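**Student:** Here it is, the structure, as C-alpha cells.
The values are calculated or read from the model by the stated rules, or taken from the named source; none is laboratory data. Bear in mind the structure is a predicted one, so any value in this text is a computation, not a measurement. FYI the Cβ positions are ideal-geometry reconstructions off the backbone, even for glycines, and counts take in every protein chain you see. Ligands, DNA and RNA are stripped out before the accessible areas are found, and what is left, the full protein with its side chains, is counted by its heavy atoms. Shrake-Rupley method; radii C 1.70, N 1.55, O 1.52, S 1.80 Å.
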Amino acid sequence: MKTEEKKQWLDLYHKINEVAKLTPWEWLRPVDIFGIQPIGREEPIFAWIDKRLLGGLPCVRFLLGWNAINEMLTRVQSPQKPVVSWLLEIPALEVLFLTNQQQYDYERRLLKQLRKQPPTENECAPVFRSIRPGFLPWKPDPEERELLSVLLYQTLGVLLRTEQNKELLTSHFPDKMLVIRQREDGTWRDTWEPVRTYEDKGIAVRLPSHFIQQFQQLRLLSQTTVQLDFLPIPTQFPRYPRKRPPIRNVLILVDTKTEKLSYGPLISGQEGIETMWNQLPCCLLTLFQNLGGCPGSIEVKGERIANFFRALEIYLPFKLVRRTNLQILDEALQRLLHPSA
C-alpha cells in the first residue's frame, strides 16, 4: 500500500472512531437526518445513522442526493420492501461495523494491513463501502475516500451540536431539512433546505411485441401452481478482486406439486437495475416453454415482480397470488445450495 493511500485510510479510521465514541445510533431518532454539501457537489449528501436496518449493527450511511434520501425514506416506511437487495439500489457511501466473518476478504486484509483488526472474531470493526446501483458493495476509490473524510468531519460536528440540542435536526422537519453547506472561502454554514417532493417511478419493464405474441401462444396449465422470484445470487468475491463486481440475479420458479426447481441464466446488473429487469421477459418465456405452458396460478412475493405479472394478466387468464413468503421455493433453494444438509 502506498504511503498516501495508507494516510487516507488511517484518517478515515480516526474520524469514524471519533464518531463511534458518541454512539449516535443509540440516541438519534429516525427523523434525525441532515445534509452535507461540499463545494463542487450539485446536491447535498445526507447522513443516515442507525442500527435498525442491519440487525442491530451500527451503520453510518451517506446517501448521495435528494433522490437517494427520498427513496430511502420511502422504502423504510413501506410495509414490504420491493426486492431483497433494495439497499444496494440506492447510491451511497457507508461505514458498517462488522465482525470478522461479516467482512469481505479484501476488507479483512485491509484491516490487517492497517492494524485495525479487532482481537476477537465476534468484535466489530468499521469497514468502508461504496454502493452503486447494479453492483455489489466495493471499497471506496481515492476520490470517495477524500469525500468520506469531509463527510465524517462534518458529521462529528453536527452530532456534537445535536447532543446539546436534541431538536436541532427536527426544528423545521418535515418541511425543511438541515443542510451544512460549504462556502467559496471554505467555511461552512447552516441552511434549511425545503424537502423535495419525490415520485417513486419504480422500474419500467418493457414487454417486446414478439414476447407478447409468444406468451399468448402458451398453453394455460390450469392445474399447475408455481412460486416464482427474481433473486440476487450469493457471489464469491475473488481473493484479489481488481474491479467492482456486478450484482447477478436469476429468475427461479418451483412447481408447488412436484417441487421441481427451474431457473434461468444469470443476469448482470452492471448496465443498471432497469436494464437487468428488462431481461426478465425473455427468461420467463423460456422457463414457461420448458414447463410446457403458463401456470394457472403464479405466486410471488415482491411488489416489483407482482407489478410485472399484473401487466401480463390481460394476455392469459392465470391467477396471480401475492404472498408474504414463498416457503416451497425457499426450501427448494436450500436443497439446491446445500444438498448435503
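**Student:** Among the candidates 161, 189, which residue alone is more than 24 Å from residue 77 (Cα to Cα), assigned to a strand (DSSP E or B) and open to solvent by 80 Å² or more (accessible area, probe 1.4 Å)?
**Tutor:** Answer to the check: 189.
**Student:** I need a count of the residues in the range 120-136 that are open to solvent by 10 Å² or more (accessible area, probe 1.4 Å), farther than 17 Å from residue 91 by Cα and of a type outside the set (Ser, Thr, Tyr). Talk me through it step by step, then tell me what you get.
**Tutor:** Going through the range 120-136, the residues open to solvent by 10 Å² or more (accessible area, probe 1.4 Å) turn out to be 120-124, 126, 129, 132-133, 135-136.
Going one step further and asking which of them are farther than 17 Å from residue 91 by Cα, we end up with 120-124, 126.
Subsequent filtering for residues that are of a type outside the set (Ser, Thr, Tyr) retains 121-124, 126.
Residues in the range 120-136 being open to solvent by 10 Å² or more (accessible area, probe 1.4 Å), farther than 17 Å from residue 91 by Cα and of a type outside the set (Ser, Thr, Tyr): 5 in total.
**Student:** Hey, any hits in the range 232-242 for a residue that's closer than 23 Å to residue 304 by Cα and in contact with a strand residue (DSSP E or B) (Cβ under 6 Å, 6 or more places away or on another chain)? Walk me through it before giving the result.
**Tutor:** Here is the first cut: in the range 232-242, the ones closer than 23 Å to residue 304 by Cα are 232-235.
Filter once more, keeping what is in contact with a strand residue (DSSP E or B) (Cβ under 6 Å, 6 or more places away or on another chain): 232-233.
Checking the range 232-242: at least one residue is closer than 23 Å to residue 304 by Cα and in contact with a strand residue (DSSP E or B) (Cβ under 6 Å, 6 or more places away or on another chain).
**Student:** Residues that are of a type in the set (Ser, Thr, Tyr): find the helices (runs of 4 or more DSSP H) completely inside the range 1-112 holding 2 or more of those.
**Tutor:** Details: elements: 3-21, 24-27, 66-77.
Helices (runs of 4 or more DSSP H) meeting the threshold: 3-21.
**Student:** Tell me which residues, restricted to the range 116-129, are touching a residue at least 40 places away in the same chain (Cβ under 8 Å) and part of a strand (DSSP E or B).
**Tutor:** 126, 128, listed by residue number.
**Student:** Out of the residues in the range 137-189 that are in contact with a strand residue (DSSP E or B) (Cβ under 6 Å, 6 or more places away or on another chain) and aliphatic (A, V, I, L, M), state the one that is nearest to residue 95 (Cα to Cα).
**Tutor:** Here the residue is 148.
**Student:** Sticking with this structure for a sec: Pick from 65, 55: which is closer than 21 Å to residue 89 by Cβ and open to solvent by 40 Å² or more (accessible area, probe 1.4 Å)?
**Tutor:** 55
**Student:** If you don't mind, another one. Answer with yes or no whether residue 294 is in contact with a helix residue (DSSP H, G or I) (Cβ under 7 Å, 6 or more places away or on another chain), surrounded by 16 or more Cβ atoms within 10 Å (Cβ to Cβ), at pLDDT below 95 and of a type outside the set (Gly, Ala, Ser).
**Tutor:** Against the criterion (in contact with a helix residue (DSSP H, G or I) (Cβ under 7 Å, 6 or more places away or on another chain), surrounded by 16 or more Cβ atoms within 10 Å (Cβ to Cβ), at pLDDT below 95 and of a type outside the set (Gly, Ala, Ser)), residue 294 does not qualify.
**Student:** For the condition under 30 Å from residue 175 (Cβ atoms) and modelled with pLDDT of 90 or more, what is the one hit in 95, 76?
**Tutor:** 95
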